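Asker: Can you keep this structure in mind? I'll have questions shortly.
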Amino acid sequence: MRIVLGATFLLHGLAKYQEGIGVVQDRFLNYNIPYADYVAYGVTFVEIVGGLFMIIGFTTRFVATLFSIIMIGAIVYVKFEIGFLQGYEIDVLLLAMSMALLVAGSRFIALDNFFVERKKKK
């Protein structure tokens, strides 16, 4: 789940980067997102770097928190008026995946395993 989520965000971030941050800023302005100029940079950065971090399992819970915030923003500002079907249903799935990783973390082939001390059972 972690790898699929990370790859999805990474690809969306790369698409934003390739189309140009100015285009993303204009789109965010049209959605009436507050501080759209800054949010466009932040979202693009988090999607690219966070996507890579999620794939390798580095700071999984922190990145999952950032992904959750992005998805809540996407649902509220962009997709909510469209409705669930063909609107924000995929965003809800990505939010649920992020929340699951936020709660559970990741142990499977994750760099976090090298930085987090686990309590040993006696």
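The values are calculated or read from the model by the stated rules, or taken from the named source; none is laboratory data. In this text, all values refer to a predicted model and were calculated from it rather than measured experimentally. Don't worry about glycine lacking a Cβ; one is built from the backbone with ideal geometry, like all the others, and counts go over all protein chains shown. The protein model used for the area step is the full one, side chains on, heavy atoms only, and it has no ligands, DNA or RNA in it. Shrake-Rupley method; radii C 1.70, N 1.55, O 1.52, S 1.80 Å.
Asker: Give the accessible surface of the chain per residue, rounded to a whole number of Å², with probe radius 1.4 Å and ligands, DNA and RNA excluded.
Answerer: Per residue, the chain has an accessible area of 67 Å².
Asker: Moving to a separate point now. Which sequence of MET54, MET97 reflects their accessible areas, 1.4 Å probe, from the largest down?
Answerer: Per-residue accessible area, sorted high to low, gives MET97, MET54.
Asker: Give the ranking of ILE56, ILE33 by solvent-accessible surface, highest area first, calculated with a 1.4 Å probe.
Answerer: Listed by decreasing accessible area, they come as ILE56, ILE33.
Asker: Charges on Cβ only, +1 for Lys and Arg, -1 for Asp and Glu, centred on the Cα centroid of region 1-109; of VAL4, MET71, LEU94, which one is farthest towards the dipole's positive end?
Answerer: About the Cα centre, the residue reaching furthest to the positive side is VAL4.
Asker: Let me ask another. Relative contact order for the chain using alpha-carbon pairs under 8 Å, separation at least 6, rounded to a whole percent?
Answerer: 29 percent
Asker: On a full-extension model of 0.36 nm per residue, what is the gain between TYR77 and TYR35, subtracting their alpha-carbon distance, rounded to one decimal in nm?
Answerer: Result: 13.9 nm gained on full extension.
Asker: OK, next. Can you bin region 24-89 into rounded, prolate or oblate? Criterion: square roots of the alpha carbon gyration tensor eigenvalues sorted a ≥ b ≥ c, rounded for a/c under 1.5, prolate for a/b above b/c, oblate for the rest.
Answerer: oblate
Asker: Could you give the distance between the Cα centres of region 32-46 and region 63-87, to the whole Å?
Answerer: 14 Å
Asker: Quantify, in whole percent, the carbon and sulfur part of the accessible surface of the chain (1.4 Å probe; protein heavy atoms only).
Answerer: Percent of accessible area from carbon and sulfur atoms in the chain: 69.
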